[in-house]
Amino acid sequence: MVILEVNNLKVYFPIKAGIFNRTVNHIKAVDDVSFSIEQGKTYGLVGESGSGKTTTGRAVMGLENITAGTIIFDGKDITKKQSKTKDVRRNIQMIFQDPYSSLNPRKRVKDIIAEPLRNFENLSKQEEKKRVQELLELVGLSPESILKYPHEFSGGQRQRIGIARAIALKPKLIIADEPVSALDVSVQAQVLNFMRDIQKELGLTYIFISHDLGIVKHMCDDIAIMYKGRYVEQGTKEEIFNYPQHIYTKRLVSAIPDTEPGNREKRFKFRQDIQKEFEESYDDYFDSDGLAYSLKPVSDTHLVALPEKG
Ligand SMILES: Nc1ncnc2c1ncn2[C@@H]1O[C@H](COP(=O)(O)OP(=O)(O)OP(=O)(O)O)[C@@H](O)[C@H]1O
Ligand SMILES: [Mg+2]
């Protein structure tokens with residue numbers, strides 16, 4: 001079952017100038033992006049800084065004004081902000097990049113986690129406490145955590161608190177925007193594996209935003225590569241990693257750090273060759289403004305931004 005369908009999404013930010021503060025141009029942060037996600041799957045959005053990943057996520061959350069396109073969530077058209085009913089809002093939650101700034105430092109853990117419950121459910125104090133304790137247990141934090149403040153926890157633990165808050169209402173969709181990039185590499189894997197465990201347990205669907213293809217490979221079922229607001233390529237994990245078609249994707253995939261130490265030289269040579277191909281064939285893959293072309297299907301699931309033939 002498709003849980004989220006985004007059609008031809010555009011989010012343009014006006015650039016204003018002059019004493020009349022007129023709109024002189026637009027930043028096309030998201031420029032004609034379409035995708036759909038099956039319930040229970042993880043959809044990866046990859047791209048360099050400024051490519052439009054966060055804006056896409058925020059548009060789905062209802063946090064951006066949409067210039068064009070439609071967003072269908074769980075069968076309902078939620079394109080307009082006013083169409084985001086309470087039921088929709090509770091079912092789409094976000095995990096933020098920075099567990100240091102996303103948790104209110106003056107609030108105790110019990111109030112941080114209980115906040116969505118208080119906004120959306122009418123629980124007695126007793127019920128609320130029970131739910132918070134269940135959530136803490138689910139994310140692997142001790143019951144004593146309840147009275148502590150965020151600064152008393154490590155980065156990884158804080159991200160677990162953020163996750164507990166995001167899953168408190170058993171949402172259907174979670175948008176995780178670089179959820180581990182502020183964490184030490186040593187705890188990244190722990191948090192990622194934990195996210196996968198609760199996904200299975202609660203049947204969650206993820207939009208997983210990252211600039212790190214290695215992490216995306218570990219987490220995602222389907223992947224889109226963004227560049228300057230547009231999709232360069234979209235496909236299953238296998239298609240993107242084993243059969244990348246666009247030179248931009250090829251270059252990203254070739255740059256993933258080695259896990260096997262043995263063939264270092266071969267990999268280095270391979271990277272150099274791809275980089276050379278990237279430079280030589282740039283004009284075949286990007287239009288005169290340096291933007292990706294519209295997507296063309298190469299299989300039922302695999303789409304690549306290539307020019308019209310002929
Ligand atoms: N509120 C805004 N007003 C104007 N421009 C914006 C706004 N939000 C984002 N942008 C611009 O839109 C483009 C896409 O930004 P976005 O934050 O979506 O990128 P991103 O892929 O998430 O990048 P990063 O990896 O750095 O988080 C950028 O050029 C950014 O400067
Ligand atoms: Mg971002």
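Near Lys296, the amide H atoms lying under 5 Å from its own belong to Val304, Ala305, Leu306; only residues 5 or more places off or on other chains count, and H is placed 1.01 Å from N.
Applying the Karplus relation 6.51 cos²θ - 1.76 cosθ + 1.60 with θ = phi - 60° to region 193-200 yields 3J(HN,Hα) values of 5, 5, 4, 5, 4, 5, 4, 5 Hz, where x marks Gly and Pro.
Note on surface exposure: Thr56, Thr236 rank Thr236, Thr56 by accessible area, highest first, 1.4 Å probe.
Just how many pairs of Lys in region 247-310 have C-alpha atoms closer than 24 Å, counting pairs that are eight or more places apart or on different chains? Taking region 247-310 as the scope, the lysine pair count is 8.
The alpha carbon centroids of region 3-81 and region 98-150 are separated by 31 Å.
Quarter the surface of the alpha carbon convex hull of region 247-310 and you get the mean projected area, 5.8 square nanometres. For region 231-310, run through the GluC sites (Glu not before Pro) and keep only the ones in DSSP coil with at most 12 other Cβ atoms within 10 Å of their Cβ. Qualifying residues, ordered by number: Glu308. Among the lysines of region 125-211, pairs at least eight places apart or on separate chains and with Cα atoms under 18 Å apart come to 6.
So, in nm, how far is label His211 from label Ser299 when the simple model puts each one 7 Å beyond its Cα toward the Cβ? So the two model labels end up 3.0 nm from each other.
Counting only protein heavy atoms and a probe of 1.4 Å, the accessible surface of region 247-310 is 53% carbon and sulfur. Using a probe of 1.4 Å on the protein chains alone, the accessible area found for Asp32 is around 80 Å². The amide H of Val180, built 1.01 Å from its N in the peptide plane, has no neighbour under 5 Å, considering only residues 5 or more places off or on other chains. Solvent-accessible surface (1.4 Å probe) assigned to Asp184 amounts to roughly 110 Å².
Each residue of region 28-39 was assigned a 3J(HN,Hα) from its phi angle through the Karplus expression (A = 6.51, B = -1.76, C = 1.60, θ = phi - 60°), giving 8, 5, 10, 10, 6, 10, 10, 6, 9, 10, 6, 4 Hz with x at Gly and Pro. Under a 5 Å amide H cut-off, with hydrogens placed 1.01 Å from N, Tyr227 pairs with Val232 among residues at least 5 apart or on other chains.
Indicate, rounded to the nearest 5 percent, the antiparallel portion of the DSSP beta bridges found entirely in the chain. Taking every DSSP beta bridge with both residues in the chain, the antiparallel ones total about 65 percent.
For region 126-134, putting each phi into the Karplus relation 6.51 cos²θ - 1.76 cosθ + 1.60 with θ = phi - 60° gives couplings of 4, 4, 4, 4, 5, 4, 4, 5, 4 Hz, in residue order, rounded to whole numbers and with x for Gly and Pro.
Hey, what's the per residue convex hull volume over the C-alpha atoms of region 151-302, in cubic angstrom?
Expressed per residue, the convex hull around the Cα atoms of region 151-302 is 149 Å³.
What Kirkwood hydrodynamic radius do you get for the chain when you take the inverse of the mean 1/r over all pairs of distinct Cα atoms, in Å? For the chain, inverting the mean 1/r across all distinct Cα pairs yields 21.0 Å. Packing around the peptides 69-80, 17-28, 160-171, taken as the average count of other Cβ atoms within 10 Å per residue, puts them in this order, highest first: 160-171, 69-80, 17-28. Entry comment: accessible area of region 247-310 is 72 Å² per residue, from protein heavy atoms only and a probe of 1.4 Å. Counting only DSSP H runs of at least 4 residues, each contributing -39500 (n - 2.57), and dividing by the residue count of the chain, the helix-based mean residue ellipticity at 222 nm comes to -11500 deg cm²/dmol.
When both bridge partners sit in region 168-278, DSSP labels roughly 55% of those beta bridges antiparallel. Straight-line cross-link partners of Lys10 among the lysines, defined as a Cα under 17 Å from its Cα and at least 8 positions apart when in the same chain: Lys28, Lys53, Lys80, Lys81, Lys228.
The values are calculated or read from the model by the stated rules, or taken from the named source; none is laboratory data. Because the structure is a prediction, the values reported are computed rather than measured. Here Cβ is always computed from backbone atoms with ideal geometry, including for glycine, and neighbour counts include all displayed protein chains. The protein model used for the area step is the full one, side chains on, heavy atoms only, and it has no ligands, DNA or RNA in it. Shrake-Rupley method; radii C 1.70, N 1.55, O 1.52, S 1.80 Å.
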